[in-house]
Amino acid sequence: MNEKYVPAEVESAAQAHWNARDAYRVTEDASKPKFYACSMLPYPSGKLHMGHVRNYTINDMLTRQLRMKGMNVLMPMGWDAFGLPAENAAMKNKVPPAAWTYSNIAHMKGQMQAMGLAIDWSREVATCSPAYYKWNQWLFLKMLEKGIAVRRTQVVNWDPVDQTVLANEQVIDGRGWRSGALVEKREIPGYYLNIVQYADELLSAVANPEDKNYLAGWPERVRLMQENWIGKSEGVRFAFPHQIHGADGALIQEGKLYVFTTRADTIMGVTFCAVAPEHPLAAHAASSNPAVAAFIAECAQGGTTEAELATQEKKGVPTGLKVTHPLTGEQVEVWVGNYVLMSYGDGAVMGVPAHDERDFAFAKKYGLPIHQVVAIDGHAYSASAWEEWYGDKQRGHCIHSGVLDGLAYKPAVDKVAEMLAAKGLGEKKTTWRLRDWGVSRQRYWGTPIPIIHCESCGPVPVPEKDLPVVLPEDLIPDGSGNPLNKCEAFLKVDCPCCGKPARRETDTMDTFVDSSWYFMRYCDPKNDQQMVGDGTKYWMPMDQYIGGIEHAILHLLYARFWTKVMRDIGLVQVDEPFKRLLTQGMVLNHIYSRRTDKGGIEYFWPHEVENVFDEGGKITGAKLKSDGSAIAYEGVGTMSKSKNNGVDPQELIDRYGADTARLFVMFASPPEQTLEWNDAGVEGAHRFLKRVWAFGAKHAELLKSTTDTAELSGDAKALRREVHLVLKQISYDYERMQYNTVVSGAMKLLNALEGFSPRAGDAGDAAVLREGFSVLLRGLYPACPHITHALWADLGYATQLGDLLDAPWPVVDEAALVQDEIELMLQVNGKLRGAIKVPATADKAAIEASALASPDFIKFAEGKAPKKVVIVPGRLVNVVV
């Protein structure tokens, strides 16, 4: 073998060997226990980043170690290839999104292969392939048939200059990111998937440990995030009657303004109602009130999401309209509020300023009445400033509320619901924060929605035999709307019902659709007759899913929903797609910057700067190496191209090899925690691998020997015990996916092997060294497959145990852990004075005799007779004189 470790040679040879074997192709095998381990598929942005390296190495370590344990393990990979970034790149580079995307896929696939990942590339999918998105379209049509998919209007961000709908992230300070025009809210038709239909089931699996599908293998915080997003609320839906007539003379909404509340106990404290800017009462008021019309126009420039509305300043305007309190008969003012969502409930809320913090602030701002109707004994209420206890529903009781006075929260709610029901104006109801999933996107690079619009027949589903509706791949967006609207070859089609000329739907599907079932397609990637087939019966549910915490809500929720729909249609037999979930931490690096003369921010690469430290060794600033000028140190943050603090994995692989990159990202921190980049740590990982190689080269002849275990010396027994102690620990660490301590265990084991001096010709020493190095190679192999593969083959282990890919995971020899002799600390009058060695089976009398006979006791006792001997088994002996 080569005396020197040359990563490029080692890694290219190992990968050639695996490719020649087609080593990672996996088939269904009923004779083995299966394990499906999958990382969230990446967006093909052009290059891998260190977050990818970390994510996929975690998956790779899991896959390789379980394969050694005799399991049939699937690790697939694909590409989340549709989406807005490709359109943005197309506009910038004047190339079709398809060309940009496929080029990036090829480059990133090459980088993954250079990492030596155990991916079954025969199962590769790209979501922009017609063979894949055909099934998006097929299932969408099935949802239409079952009423899960419906068409209705939606409120969107509209750029009046570019004439296009913008994603929320494309709206910057209320303006279009390209045109700079003030963005408008517009209500346009689109398709929705009724995810709320599955809300109870989606909630139970994350919130109810008694549920048979409870996701116990998920992080608690992810379950809680899903629970909060689904947001089950139990309360009362009721109406404020009114006599407000529309232009047609009819009562608007049949004379009832409906609201939903979880605090029906505060109904006697209502002092106003607020409606969304899109509410029919708001539109009616605007027709004759310029102030209301102006306010609604202002609201149209704002955001459309709940998150945006929650953070913006709460504003409102009175409509001049009044509704009737359903229990007191009092007249209640109606306001238009910018914080009220038309898509949430009935688009209206009751205002109880005394017991809702948002309503309190709104009432104070506009001088509206504040009526306390809940009290807590021992607390005085003041309308001057909000206090938390004003909204406490558990400790309070009703006051100033007539028949409700004295009632606690739940009895008061029950009484209000009873009174409203008697009037035919309300009832108890469960509502959800979760909204139906709007999947229509007015953009080009996505799955075409399979609908044909006919003037005679209306929206018509594309016949199943005509799927897929293929997206043209040669169009280049120019920022002036969806290019499909200008593509006659795509638009023109005959109506499937009447045969008359019609046009295709130009909306495409939300890209969350693509990622909601790709893991199912990995199981049957070549099936052109079915969305999924027998593969899912074998592989699903997935045993381990790995991905970032940023996908903890929407992606996981939509994937769970999509799985349940597929189940109900009869495609799969599972209720939940992912048994276990690991959300790996982000990769962080130092950020350095300074303000430019024009007020902008200029960022610098870490290798361009020299840190400035305080007396405690903390970084307080930095200066440029080039000219010594001072720059700011911003701390550590997520690696980003825009902040010049990323690390190119390819540069790392070219310099140190893939195994070093893999080893560092596994050793630097536990998988679920953030990893702070450290160049010195990378160097340290590389030095360790060079030591592993050097040890193998130095003892090559000894390690190649096949001598059976002979009688072992004391040192050999001690080494063998250390080997199996480490093996026991790293086996446990593999089970709990604590790969950083697996690596530290390998380092500890190498230290022990290096510290052992085998005697020439001693068969026992040779056998222990050979066994110890085989354990090291197998323990390290999942993290560093190339170097361990080479050493395994070069040192003859493959001849005895087979290719390292499928070599058996080493088994702990419990007998090796048993010690013939143990060391006990020796104390005299409680002070440490030395140590004694005794047989592991020594009884109390033998230990006491050994202690009293030791030179250290005789020296420090100074001739005094022992008064008492205290023995702590396995630890120490204390002699009192």
Out of all the residues in the range 634-651, is one or more surrounded by 20 or more Cβ atoms within 10 Å (Cβ to Cβ), more than 29 Å from the chain's Cα centre (by Cα) and not assigned by TED's automatic domain parsing to the domain that holds A37? no
Any chance you could count how many residues in the range 457-515 are without any contact (Cβ under 8 Å) to a residue 40 or more places away in the chain, over 22 Å from I188 (Cβ atoms) and of a type outside the set (A, V, I, L, M, F, W, C)? 9
Exactly one of K142, K92 is modelled with pLDDT under 95 and either part of a helix (DSSP H, G or I) or in contact with a helix residue (DSSP H, G or I) (Cβ under 7 Å, 6 or more places away or on another chain) (or both), and that residue is K92
I'd like the residue in the range 49-85 that is among the β-branched types (V, I, T) and within 15 Å of K109 (Cα to Cα) and, out of all such residues, is surrounded by the most Cβ atoms within 10 Å (Cβ to Cβ). T57
Just to check your reading of the model, which residue among A199, A216, A207, A239 is under 20 Å from W432 (Cα atoms), surrounded by fewer than 19 Cβ atoms within 10 Å (Cβ to Cβ) and outside the structural domain of D543 (by TED's automatic domain parsing)? A207
For the range 600-616, does any single residue satisfy the condition of being under 28 Å from L117 (Cβ atoms), in a helix (DSSP H, G or I) and out of contact with any helix residue (DSSP H, G or I) (no Cβ under 6 Å at 6 or more places or on another chain)? yes
For the range 434-467, name all the residues that are of a type in the set (S, T, N, Q) and assigned to a loop (DSSP other than H, G, I, E, B). Q442, T447, S456
Lone qualifier among M75, M68, M108, M91 - being free of Cβ contacts under 8 Å to residues at least 60 places away in the same chain and not assigned by TED's automatic domain parsing to the domain that holds P782: M75
Candidate set: the range 862-881, residues that are aliphatic (A, V, I, L, M) and touching a strand residue (DSSP E or B) at 6+ places or on another chain (Cβ under 6 Å); chosen: the one nearest to D843 (Cα to Cα): I871
Cross-chain or 6+ apart pairs with Cβ under 6 Å, the range 842-871 first and under 13 Å from N829 (Cα atoms), then among the polar types (S, T, N, Q) and in a strand (DSSP E or B): V870/N878
Can you spot a residue in the range 520-536 that is over 30 Å from V206 (Cβ atoms) and β-branched (V, I, T)? no
Could you pull out the residue among A845, A766, A793 that is surrounded by fewer than 21 Cβ atoms within 10 Å (Cβ to Cβ) and modelled with pLDDT under 95? A845
Which condition does V812 not pass, out of (1) in a helix (DSSP H, G or I); (2) touching a His at 6+ places or on another chain (Cβ under 8 Å), if it passes all the others? (1)
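Quick grid of which residues meet (1) under 28 Å from K365 (Cβ atoms); (2) charged (D, E, K, R); (3) in contact (Cβ under 8 Å) with a residue 12 or more places away in the chain:
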site: Y381; (1), (2), (3): yes, no, yes
site: E388; (1), (2), (3): yes, yes, no
site: G396; (1), (2), (3): yes, no, yes
site: L404; (1), (2), (3): no, no, yes
Filter the range 90-108 down to the residues that are surrounded by fewer than 17 Cβ atoms within 10 Å (Cβ to Cβ) and not β-branched (V, I, T), then identify the one that is farthest from the chain's Cα centre (by Cα). K94
Touching a strand residue (DSSP E or B) at 6+ places or on another chain (Cβ under 9 Å), closer than 23 Å to D436 by Cα, part of a strand (DSSP E or B) and in contact (Cβ under 8 Å) with a residue 12 or more places away in the chain - does that describe any residue in the range 173-180? no
Please go through (1) touching a residue at least 60 places away in the same chain (Cβ under 8 Å); (2) within 30 Å of V462 (Cβ to Cβ); (3) surrounded by 19 or more Cβ atoms within 10 Å (Cβ to Cβ) for Q154 and return the number of the only condition it doesn't satisfy. (3)
Residue by residue through the range 243-277, note down the ones that are surrounded by 14 or more Cβ atoms within 10 Å (Cβ to Cβ) and assigned to a helix (DSSP H, G or I). I252, Q253, G255, A264, D265, T266, I267, M268, G269
Expected output for the range 34-46 (first residue touching a residue at least 24 places away in the same chain (Cβ under 8 Å), partner crowded, with 22+ Cβ neighbours inside 10 Å and part of a loop (DSSP other than H, G, I, E, B), Cβ below 6 Å, 6+ apart or cross-chain) is A37/M75; P44/A81
For the range 245-264, name all the residues that are closer than 30 Å to A383 by Cβ and either over 39 Å from the mean Cα position of the chain (by Cα) or of a type in the set (F, W, Y) (or both). L257, Y258, F260
Among the residues of the range 172-194, count how many are of a type outside the set (A, V, I, L, M), closer than 19 Å to L144 by Cβ and crowded, with 17+ Cβ neighbours inside 10 Å. 4
Of all residues in the range 145-159 being more than 30 Å from the chain's Cα centre (by Cα) and part of a strand (DSSP E or B), which is nearest to S179 (Cα to Cα)? D159
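Going through the range 253-291 one residue at a time, which ones are of a type in the set (G, A, S) and touching a strand residue (DSSP E or B) at 6+ places or on another chain (Cβ under 8 Å)?
Once the filter is applied, which keeps residues that are of a type in the set (G, A, S) and touching a strand residue (DSSP E or B) at 6+ places or on another chain (Cβ under 8 Å), the range 253-291 yields G255, A264, G269, A274, A276, A282, A285, A291.
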Of all the residues that make up the range 468-506, how many are of a type outside the set (F, W, Y), surrounded by 12 or more Cβ atoms within 10 Å (Cβ to Cβ) and not in a loop (DSSP other than H, G, I, E, B)? 10
Residues within the range 568-589 that are among the aliphatic types (A, V, I, L, M), surrounded by 20 or more Cβ atoms within 10 Å (Cβ to Cβ) and part of a loop (DSSP other than H, G, I, E, B), tallied: 1
From A37, A14, residue being more than 23 Å from the chain's Cα centre (by Cα) and of a type in the set (A, V, I, L, M, F, W, C): A14
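A quick yes/no check of all residues on (1) under 30 Å from A412 (Cβ atoms); (2) out of contact with any helix residue (DSSP H, G or I) (no Cβ under 7 Å at 6 or more places or on another chain):
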residue: V165; (1), (2): no, yes
residue: G180; (1), (2): no, yes
residue: I188; (1), (2): no, yes
residue: Y192; (1), (2): no, yes
residue: I195; (1), (2): no, no
residue: R223; (1), (2): no, no
residue: G235; (1), (2): yes, no
residue: A239; (1), (2): yes, yes
Selection within the range 827-854 - within 57 Å of the chain's Cα centre (by Cα) and of a type in the set (S, T, Y): T841
The range 15-38: number of residues that are assigned to a loop (DSSP other than H, G, I, E, B) and aliphatic (A, V, I, L, M): 3
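The values are calculated or read from the model by the stated rules, or taken from the named source; none is laboratory data. Model, not experiment: these values are computed from the prediction. Backbone-built Cβ (ideal geometry, glycine too); neighbour counts: all protein chains shown.
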